[in-house]
Amino acid sequence: MEEKNEFNELLENNKTLNEETAQKNKKILIFSAAGILIGITLILILINIFSVKKYTLTVKYNLSKINVEESFNRVFINLEGKNKISTEFKLNEDIKLLNIPEGTYKVKFFITDDNNIKYYYTEKEVNLNENKSIELNPIKSTIKYDIKEEWLNKDLKITLPENFDKYLVYELKNGIYKKINESTKNVVWFRNLDKNTSLKFSVIKNNYLYKYSDELKVNVNTKPNKPIILSPENGEAIKASSNFFFVWSCKDPNGDKLKYDLFLTTNGKEIQIAKDISSINFQYSNLKPGTDYTLKIIASDGNLTNFSSINFRTLLSQKKYTYMSKDNKLLIYSVLDTKNPKLIKTINLSGKVRTISENNNYLYILREKSGISIIDFHSPINATLKKNLELMDIESLKVNTKFLFTKFKDGRISVYSLKNPYKPEFLGFTEEKYYGTLNPKITYIKRDMNINVPIISSEYPIRIGLKNKVYVKNYTLVVGSEKAKSIINNNYTEVFENLRFIFSMYKTNDFTNKEKIPLIKNRLMNALNEMFKLDSSEGIKSIKLIISKVD
């Protein structure tokens, strides 16, 4: 029985041993198979690596020439495909990318500076299956530049598009635009501009430099000329009319449209009577009689201003005396009681009264057929006959604060100065349109004078713009009086600067245009006569201008 049990136990032990041996053999087989698979995989990878073909990619590029100074100095190239390759080259260095595995790549090309700002960029897809050469035309991205200009006196405010990282400003210097400013703000100020210039702009976003703006020409604004107040004149005494017109003239060197503000001062108090008007006259209805005034007129081009002022006074309007004529007599009445005027003075005249004109307390009486009588009327009760002008065939007369005008039946209009109100001085004759005006154009009886005043007598260059010159061989002013000659000779600098200024208003081809030259000469003459307060009879009558060449 015991022997049988031992036998069975031996059989069990043997069975267990066999199972363990089988298990070990199975594990050995599994590991062997895995090792074989790994080895095969490595072999295949090595075969693939050493069997891939490689090629050379040559890159050429073209940059358009522009008149902007740029500081880029490097070229970056990124290849994106099965492999990613980045490399850097110096500017103008031959670009060859060696040992590039076969495949399709996107070539990204950048031209940059030391701060990695991308000035030019482009990309191109290349199927690299052989040695290849490609040509690229890198560009800048474009935007619409909405540039706004705003002047404040001599300061210029430039507003550029929003939402960019940086804003660059370039100024034209010697034919090249050079960077003068870089900012993170889209508003750029130019302070105290005193000369014309040309600008360009650019912007940066995410390190990309965008295409430059078009040229912006900046013309420095010049303030308007001083207004010339024509009516009333400085020191004039006027009637306190309910519809008096203030009249003036004014020009702007830049041709800007002007607006005007008018101020009146009396007894130290200034009031504004007109604001932002564009006309050159203004009707005012609130002048007080017997009052001293200062009139100030301010001209504005919307940015800069200039002004002139004059003093004048109004006459007392309250009438205590009046006068009338009867036959050959002047009758003067006291009118303290308008219903019962009192005759206080009778003056006998040498002819029947036709018309009576009053000016500055003098009466100018036109007599039928026999001329003019002048009465001192400062004290009506003591009024006296001061002078008779024995002139025949006078049709009418007019008087103002400066002149006495007589119109004859044959159409002639004579002019007398009233510097001495009762001893008029004959000046000469004028035209119908100047009859009764404060500034008549007088044709003098004395011999007409033509005096040459040379300004330029040998070839002299005058610059037009930045690059061009006009060569003046002769520039002579023809004046009508010794007085005008003296004024010109004593103000040579102003005369010469006027020539430069007028020339600057024209293009170079205007100086070879026969139709333009008379216009230029007329503009020079008018400007000088206005500058020196001369008329065309005594002042500058004509201009001799010879231009030898233009380049």
Just the residues that are assigned to a loop (DSSP other than H, G, I, E, B) and surrounded by 12 or more Cβ atoms within 10 Å (Cβ to Cβ), please, taken from the range 124-136. Asn131
Residues being within 28 Å of the chain's Cα centre (by Cα) and outside any loop (DSSP other than H, G, I, E, B): count how many of those fall in the range 455-482. 9
Of these, Glu3, Glu88, Glu12, Glu20, which one is modelled with pLDDT of 90 or more and outside the structural domain of Tyr212 (by TED's automatic domain parsing)? Glu88
Residues within the range 523-551 that are among the polar types (S, T, N, Q), assigned to a strand (DSSP E or B) and under 29 Å from the mean Cα position of the chain (by Cα), tallied: 0
List every residue pair whose Cβ atoms sit under 6 Å apart, with the two residues 6 or more apart in sequence or on different chains, where the first one lies in the range 458-480 and is assigned by TED's automatic domain parsing to the domain that holds Glu538 and the second, anywhere, is among the aromatic types (Phe, Trp, Tyr). Glu459/Tyr471; Pro461/Tyr471; Ile462/Phe503; Val470/Phe511; Val472/Tyr460
Residues being in a strand (DSSP E or B) and over 27 Å from Asn196 (Cα atoms): count how many of those fall in the range 211-259. 12
May I ask you to verify whether Ile297 is without any contact (Cβ under 8 Å) to a residue 12 or more places away in the chain, in a strand (DSSP E or B) and not assigned by TED's automatic domain parsing to the domain that holds Asn526? no
Here is a check on your reading of the model: is Tyr121 touching a Pro at 6+ places or on another chain (Cβ under 8 Å) and not in a loop (DSSP other than H, G, I, E, B)? yes
I'd like the residue in the range 405-441 that is of a type in the set (A, V, I, L, M), touching a Lys or Arg at 6+ places or on another chain (Cβ under 8 Å) and surrounded by 17 or more Cβ atoms within 10 Å (Cβ to Cβ) and, out of all such residues, is nearest to Glu236 (Cα to Cα). Leu418
Within the range 180-226, restricting attention to residues that are β-branched (Val, Ile, Thr), within 16 Å of Val68 (Cα to Cα) and under 23 Å from the mean Cα position of the chain (by Cα), which residue is modelled with the highest pLDDT? Ile180
What about Ile45, is it surrounded by 11 or more Cβ atoms within 10 Å (Cβ to Cβ) and either modelled with pLDDT under 90 or not in a strand (DSSP E or B) (or both)? no
Being aliphatic (A, V, I, L, M), under 26 Å from Lys467 (Cα atoms) and assigned to a strand (DSSP E or B), is that true of even one residue in the range 197-210? yes
Flag if Glu70 is modelled with pLDDT under 90, assigned to a loop (DSSP other than H, G, I, E, B) and among the acidic types (Asp, Glu): no
Kindly establish whether Lys288 is assigned to a loop (DSSP other than H, G, I, E, B) and at pLDDT 90 or above. no
Taking Ser486 and the conditions (1) in a helix (DSSP H, G or I); (2) in contact with a helix residue (DSSP H, G or I) (Cβ under 9 Å, 6 or more places away or on another chain); (3) among the hydroxyl-bearing types (Ser, Thr, Tyr), which numbered condition does it fall short on, given that it satisfies the others? (2)
Pull up the range 306-320, narrow it to residues that are assigned to a strand (DSSP E or B) and more than 30 Å from Asp252 (Cβ to Cβ), then point me to the one that is modelled with the lowest pLDDT. Thr314
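The values are calculated or read from the model by the stated rules, or taken from the named source; none is laboratory data. Just so we're clear, the structure is a prediction, and the values are computed from it rather than from any experiment. Here the Cβ is made from the backbone with ideal geometry for all residues, glycine too, and neighbour counts use every protein chain on show.
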